[in-house]
Amino acid sequence: MSQSAGQGSVRDLERDDISTVARLFQNTFRNGQDVPGSLVEYIREVFLDHPWDEEDLRSKVFVGEKGELTGFIGVFPSRLQLEGRPIRAAFAGSMMVQEPERNPLAGARLLRAFLAGPQDISLTETANATALGMWQKLALPLDTAYSLNWLRVFRPVSAAVNAAERRLPSARILRPLGRAADAVVEKTGVSSLRVWKGATARRISFRDASENEFAEAVLLLSKSFPLRPLWDRAMLDWFIGHARQKRALGAPVWRIAESRNGDIAACYAYFGGAGHIGWLLQALCAPTIAGDLVDDLFAHADGSGCAGLRGGGHPWLTHELITRKAVFYGRAFFVAHSKDESLLQPIKSGQALISGLAGENWTRLIGDRFD
């Protein structure tokens, strides 16, 4: 399907476009390095061979008057359920335009084409400031609760070094100095950022888990959310399998918690390692034990040597994060749109499971390398 409008047109992504899209991705997000073959294959898999792929719900490309592909918006099909009612959903991600100053309306056209799709609800978990402005011009505001990115620092100097490495890889030579400086700060008693080793849950007991145990816990605990993915075990494994490969963020850690009577009460997964700022992929629990989960999460990440830990919006954790020295900031913004107001209510109340594995942060296009 193609939509013409002045200088250029928007149409569905085709298989022959994949290499060009990969080049556009590399130029936009990876500073124009050579395009790895693994990136080309990955873009093909997640945008054309997704298990929930539907012919009428495709990613969009912007094509100039001479037929050149100069813009793209990725569309991840999703299947949700609202209290048992199946919902067609789609997440928009990886919006990019070549030379946007020459194509100032290309991004807006791509977004409008996405919103005009057949889905019942349109979402994005990763809008940057530019993309957010486009949504807002269409009178579609961000959702504050799911847009609250947060950071908890344990070792400030090492965290600064790790942040510098993302822009300048050679900064890794400063890691030993960072560790030494943090050790000095800790010994002087100046820093109060480290997590007390005894900060463990009282009502529930956390333990390391296998990937399989974590998946089973996610399926069980997700049932408490009125708006949630229509997962079966095979589909959830597909998302977890992609997330597991994001090793640029560190090694994955799977944790689950059991109540005193042996029932599964909470679970979380994060990526981290000594000297790294770790990243929370997913955390699920009842609001009454959110404090126990955050305590265990921070204690485990600190005990593993992480310089810090960050994550996206988990509304059921927000209060506990605020009271445990987490800093909130705007980095990736969450927006949801639907003509059916009933689909938006669980999001507005923070009772929707629509982020992390349930959103788009499982994909390696966000925060991973393709070497």
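The values are calculated or read from the model by the stated rules, or taken from the named source; none is laboratory data. Quick caveat, the model's predicted, so the values are computed rather than measured. Note: ideal-geometry Cβ built from the backbone for every residue, glycine included; neighbour counts use all protein chains shown. What goes into the accessible areas is simple: the full protein's heavy atoms, side chains included, and nothing from ligands, DNA or RNA. Shrake-Rupley method; radii C 1.70, N 1.55, O 1.52, S 1.80 Å.
The orientation-averaged projected area of the convex hull spanned by the Cα atoms of region 90-137 comes to 3.4 nm². Rounded to the nearest Hz, the phi-derived 3J(HN,Hα) couplings of region 353-369 under the Karplus curve 6.51 cos²θ - 1.76 cosθ + 1.60 (θ = phi - 60°) are 9, 9, 10, x, 4, 8, x, 10, 6, 6, 6, 6, 5, 9, x, 10, 9, where x marks glycine and proline.
Given axes a ≥ b ≥ c from the Cα gyration tensor, I'd like to know whether region 198-300 is rounded (a/c under 1.5), prolate (a/b larger than b/c) or oblate. Oblate is the answer for region 198-300, as a/c is 1.5 or above yet b/c matches or exceeds a/b. The listed residues Ser338, Ser224 rank as Ser224, Ser338 when sorted by accessible area, largest first, using a 1.4 Å probe. Taking a straight line from the alpha carbon of Lys137, these lysines sit under 30 Å away, with near neighbours fewer than eight places off in the same chain left out: Lys60, Lys66, Lys339, Lys348.
Altogether, the Stokes-Einstein calculation at 4 °C and 1.567 mPa s, with the Kirkwood radius of region 1-160 over Cα pairs as Rh, returns a diffusion coefficient of 76 µm²/s. Identify all lysines with a Cα-Cα distance to Lys187 below 22 Å; exclude those on the same chain that are fewer than 8 residues away in sequence. Within the straight-line cut-off, Lys187 pairs with Lys197, Lys325. Set against the 2.2 N^0.38 Å expectation for a compact globular protein, region 117-166 has a Cα radius of gyration ratio of 1.66.
Against the chain, whose longest principal axis is taken from its Cα atoms, helix 175-188 shows a tilt of about 40°. Helix 156-167 and the longest principal axis of the C-alpha atoms of the chain enclose an angle of approximately 20°.
Between Ala234 and Arg260, what FRET efficiency comes out of the Förster formula 1/(1 + (r/R0)^6) with R0 = 30 Å and r the beta carbon distance, rounded to 0.05? After rounding, the FRET efficiency stands at 0.40.
Computed over the chain, the quotient of the alpha carbon radius of gyration and 2.2 N^0.38 Å is 1.01.
With a Förster radius of 30 Å applied to the beta-carbon distance between Ser349 and Arg324, the computed FRET efficiency rounds to 0.85.
Here's the picture: charge each Lys and Arg Cβ at +1 and each Asp and Glu Cβ at -1 in the chain, and of Gln351, Ser19, Gly8 the one pushed furthest to the positive end of that dipole is Gln351. Would region 214-371 count as rounded, prolate or oblate if I go by the C-alpha gyration tensor, calling it rounded below 1.5 in a/c and otherwise prolate when a/b exceeds b/c, oblate otherwise? Because its axes are fairly even, with a/c under 1.5, region 214-371 counts as rounded. Our coupling estimate for region 34-50, obtained by passing each phi through the Karplus curve with A = 6.51, B = -1.76, C = 1.60 and θ = phi - 60°, is 4, 7, x, x, 5, 5, 4, 5, 5, 4, 4, 5, 7, 9, 10, 10, 4 Hz, Gly and Pro reported as x. Using only the alpha-carbon atoms, how far is helix 233-244 inclined from the longest principal axis of the chain? Give it as 0 to 90 degrees, nearest 10. Between the helix axis and the principal axis of the chain, the angle is about 80 degrees.
The solvent-accessible area of His337, taken with every protein chain present and a 1.4 Å probe, is close to 60 Å². Heavy atoms of the protein chains alone define the surface here; on that basis region 25-69 has 50 Å² accessible area per residue at 1.4 Å probe size.
At 222 nm, what value in deg cm²/dmol follows for the chain if DSSP H runs of at least 4 each add -39500 (n - 2.57) and the sum is divided by all its residues, to the nearest 500?
-9500 deg cm²/dmol
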